[in-house]
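A short worksheet on the structure shown next.
Where a number appears in this text, it was derived from the coordinates with a stated rule and is not lab data. Since the model is a prediction, treat every value here as computed from it, not as a measurement. So basically every Cβ, Gly included, is an ideal-geometry build from the backbone, and we count neighbours across all protein chains shown.
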Amino acid sequence: MSKPAIILVVDDDADTIATISTWLKSKGFQVVSAATGEEALARAEETRPDIALLDVNLPDISGIQVAERLQQ
């Protein structure tokens, strides 16, 4: 049996994270979350997610910058 994909959910709105995480978990995914760009990068380093869902407007760095750094 295969291991479930890990999805990193990044948003500064806790309700959004909760809603998305609940739905993804119900579909069998493993979910890791973060509320800031720097936290997202740290979580990605720890968990090596398969997919990242990023809010573009984060309080510290933009989701676009996070995506660029994750690609490196």
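Could you please let me know if residue 17 is loosely packed, with under 14 Cβ neighbours inside 10 Å, part of a helix (DSSP H, G or I) and of a type outside the set (Gly, Ala, Ser)? Against the criterion (loosely packed, with under 14 Cβ neighbours inside 10 Å, part of a helix (DSSP H, G or I) and of a type outside the set (Gly, Ala, Ser)), residue 17 does not qualify.
Find the residue count for segment 20-38, including only residues that are over 12 Å from residue 60 (Cβ atoms) and surrounded by fewer than 16 Cβ atoms within 10 Å (Cβ to Cβ).
Selection size over segment 20-38: 7.
Counting only residues that are in contact with a Ser or Thr (Cβ under 8 Å, 6 or more places away or on another chain), in a helix (DSSP H, G or I) and under 20 Å from residue 4 (Cβ atoms), how many does segment 20-38 have?
Counting residues in segment 20-38 that are in contact with a Ser or Thr (Cβ under 8 Å, 6 or more places away or on another chain), in a helix (DSSP H, G or I) and under 20 Å from residue 4 (Cβ atoms) gives 1.
The condition of being surrounded by 14 or more Cβ atoms within 10 Å (Cβ to Cβ), under 11 Å from the mean Cα position of the chain (by Cα) and outside any helix (DSSP H, G or I) holds for only one of 8, 58, 41, that being 8.
The set of residues in segment 5-31 that are touching a residue at least 12 places away in the same chain (Cβ under 8 Å) and either among the aliphatic types (A, V, I, L, M) or more than 21 Å from residue 42 (Cα to Cα) (or both) comprises 5, 6, 7, 8, 9, 10, 14, 17, 20, 24, 28, 31.
How many of the residues in segment 44-55 are over 20 Å from residue 2 (Cα atoms) and in a helix (DSSP H, G or I)? Residues flagged as over 20 Å from residue 2 (Cα atoms) and in a helix (DSSP H, G or I) within segment 44-55 amount to 3.
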